[in-house]
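Working notes, structure below.
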Amino acid sequence: MVQRIAILPDVYLTAVTTDKFKTECISLNLLRPLCREEAAMNALLGGILLRGSKRCPDLTAVSTALEELYGAEIGNLIRRKGEVQCIGLFADCLCDEAVGEPIFAQTAAMAAELLLDPVTDGGVFREDYIAQEKENLIRSIRARMNGKRVYAHTQMVKAMFRDEAFGVDRLGEESDVNAITPENLFAHYRRVLATSRVEICYTGRKSPEAVAAILREALAALPRETCVSVGTVFVPRAERTQEIIERMDVTQGKLCMGFRTGRSVRDENWRASALMNAVFGGGLTSKLFLNVREKLSLCYYASSSIEKYKGFLCVSSGIDFDKFDVAKAAILEQLEACRRGEITEKELQMAKDQVALALRTVCDNPSRLDDFHLGNAVLGREVTPEELRKKNDVLTVGDLADAAKDVTLDTVFFLRGEAEQ
C-alpha cells in the first residue's frame, strides 16, 4: 500500500507499507532548483550534517548513538531528478518487531537531530569540518572527471545544456567548492531548511498514520517559509546539431551523442520512448550492441540511456580514433531502423522482458523503491512499478517507431588523442 500525507506545511510523506523487508527505511529530501549558485553548497551540506549534532558533536559520538540503535545507519543523499536537486539524509534500521523496541522512532529522531541541530562553532559550521568535507567533495568531483567515459558524458551534457539548468552537475564545480566558507554555507543551510519543499519516503511495516505521527514530532522544529519552486524545463526538439571535438592523452576515443526525445515522463506516451531506448541501445540484446559493436566491430562498447525527466537520450561508445565518422553513421542508422519500424517481435519482447525485470528489481530493494517514489513525488503523481509494466506490455512496434521519429540529434562530443591527426 502506498499513501501520501501532508504532515507539515510543504512537508509530505510517501509511505510504502510492506512486510517484505526486515528493515524500515526513510529518506528526508529537500528539493532545490538545480543551479550553479547552489549546487556545490547543496552537495556539501549532507557531509557536514553527518559530522554531528550538538548532542553528538563528532563522528565517534554519532557512531556510538547509532550502535545503540542496533546498528542503524544514516547517510547523506545528493540526487537529481531532471532540474531538481534533491539533498538530505537516508536512514534505515531494523523493524521494531525484530527487536521489540521503538527503534524506528528513535532513528527518525536521530536523523532529524542531525538535520535540524548540527554541531556549530561561533554560530556557524565548524571550520575544520568544512575543510575536510570540501576535500572529500573535490575528490568525488575529480574522480568523476578522471574516468574518461564519464568525462566525455559530462562534457557532452555541459555543452548540450549550456543554457539550461540540466547542464549543472549535481556535485557542483571545484571552483565553487573552494569558495565555500563556514559563514556562507551556514547561511545557505538556514535558507534551505526554511524554503525547501520536503519529500519524505518511508518503506516498512508501519501504517502511514503511525509514521506521520512520528515524523511530526521529530520535525516539529523545522522552520517553514515560502518554498522555492522546483521543476524541469522541457525542450522537445533540437533546432540544430553541434559537433565538439576535444583532444586529450587517451588511447581510446570516447564518442557521446545527445538527443532530445521529443517526450518526457509527463507525457502519456512516454513509456514507448523508454521501451524504444531498450531496443535501440539499452542492453546486450539492443541494436547498438548486436549490430554496431558485435556485427560491425566499430565500438569497444556502445549503449544508450534515457533521462525521463528532461527528455534526454545519450549514446555512449568507445571507438578507435579513425572510426569517428563511420561509427557515428552506424549509430544513426540503427535509430533510423527504429524509425522505420524495423524491430522484430523478438527484439520487442526482449526489451519488454528487460524493462519488466528492472521494475521487479525496484520492488525488491528498499533504496530503489525509495528513489522510485521520490521520483513520483517530484512529478506530483503516484504510479506503481506494476502499473508501468502493464503499460509496457501493450506497446507495439508501431508505438516504438513513432517514439523514435520524435528523437532529434542535438550534440556530438568526441574525445580523441592528442598526437593523432
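FYI, it's all coordinate maths here, none of it is from the lab. Just so we're clear, the structure is a prediction, and the values are computed from it rather than from any experiment. We place every Cβ from the backbone using ideal geometry, glycine too, and count neighbours over all the protein chains shown.
Site pair L357 and S207 shows an inter-label distance of 4.1 nm when each label is modelled 7 Å from Cα along Cα→Cβ.
Spin-label pair M145-N178: with each label point 7 Å from Cα along the Cα-Cβ axis, the two points sit 1.0 nm from one another. Sorted largest first, the spans of the alpha carbon positions of the range 246-337 along the three principal axes are 43, 28, 19 Å.
Mean projected area of the Cα convex hull of the range 242-417, taken over all directions, amounts to 10.5 nm². One Cα centroid belongs to the range 395-412, the other to the range 313-373; the line between them spans 12 Å.
Among bridges DSSP assigns within the chain, what percent are antiparallel (round to 5)? Intermediate values should be presented prior to the final figure.
Values: 58 of 72 bridges.
Percent antiparallel among DSSP bridges in the chain is about 80.
When only the Cβ of Lys, Arg, Asp and Glu is charged (+1, +1, -1, -1), the dipole of the range 242-417 relative to its Cα centre reaches about 40 debye.
What is the diffusion coefficient of the range 85-237 in µm²/s, taking the Kirkwood radius over Cα pairs and the Stokes-Einstein relation at 10 °C with a viscosity of 1.306 mPa s? Don't skip to the answer; put the middle values down first.
Values: Rh = 18.8 Å.
Answer, rounded: 85 µm²/s.
Quick one: helix 270-281 against the long Cα principal axis of the chain, what's the angle to the nearest 10°, folded into 0 to 90? Compared with the principal axis, the helix lies near 60 degrees. Would you mind checking the range 40-83 for residues with the amide N under 17 Å from a putative spin-label position 7 Å along Cα→C-beta of A98? Flagged as within label range: 66-75. What is the Cα centroid distance between the range 239-290 and the range 56-87, reported in whole angstrom? Using only Cα atoms, the two centres lie 34 Å from each other.
Based on alpha-carbon atoms, the Kirkwood radius and the radius of gyration of the range 179-324 give Rg/Rh equal to 1.14.
What the Kirkwood sum gives for the chain is a hydrodynamic radius of 23.1 Å, with every pair of different alpha carbons counted.
Tell me, what is the FRET efficiency for D19 and Q242 to the nearest 0.05, using R0 = 56 angstrom and their Cβ-Cβ distance as r? Intermediate results must be reported in sequence, preceding the final value.
Values: r = 52 Å, r/R0 = 0.93.
So the FRET efficiency works out to roughly 0.60.
Positive-end ranking of V99, L171, L45 along the dipole of the range 2-218, with charges on Cβ about the Cα centre, is headed by L171.
Between the helical axis of 36-49 and the longest alpha-carbon principal axis of the chain there is an angle of about 50 degrees.
Taking the Cα centre as origin and putting +1 on Lys and Arg beta-carbons and -1 on Asp and Glu beta-carbons, what dipole magnitude results for the chain, to the nearest 20 debye? The partial results should precede the final answer.
Details: 55 positive and 62 negative charges, 186 e Å.
For the chain, the charge dipole is close to 900 debye.
Using just its DSSP H runs of length 4 or more, each adding -39500 (n - 2.57), the chain gives a mean residue ellipticity at 222 nm of -13500 deg cm²/dmol after division by all residues. In terms of distances greater than 20 angstrom between alpha carbons, the cross-link table entries K206/K391; K287/K352; K22/K81; K81/K405; K254/K323 yield K206/K391; K22/K81; K81/K405.
Rounded, prolate or oblate: which one fits the range 64-136, using the alpha carbon gyration tensor with axes a ≥ b ≥ c (rounded when a/c is under 1.5, else prolate when a/b beats b/c, else oblate)?
Numbers: a/c = 2.45, a/b = 1.47, b/c = 1.67.
Verdict is oblate for the range 64-136.
Annotation: extensible slack from S367 through E294 equals 22.8 nm (criterion: 0.36 nm per residue apart, minus Cα-Cα distance).
For the charge dipole of the chain, defined by +1 on Lys and Arg C-beta atoms and -1 on Asp and Glu C-beta atoms about the Cα centroid, which residue among I141, T154, P366 has the Cα displaced farthest towards the positive pole? Sorting the options by dipole projection puts first T154.
According to the Kirkwood relation over distinct C-alpha pairs, the hydrodynamic radius of the range 92-169 is 16.7 Å.
Can you tell me, using C-alpha contacts under 8 Å and at least 6 residues apart, the relative contact order of the chain as a whole percent?
Details: 776 pairs, mean separation 89.5, N = 421.
The value is 21 percent.
Note on the range 2-218: antiparallel DSSP beta bridges, both residues inside, total approximately 85 percent of the bridges counted.
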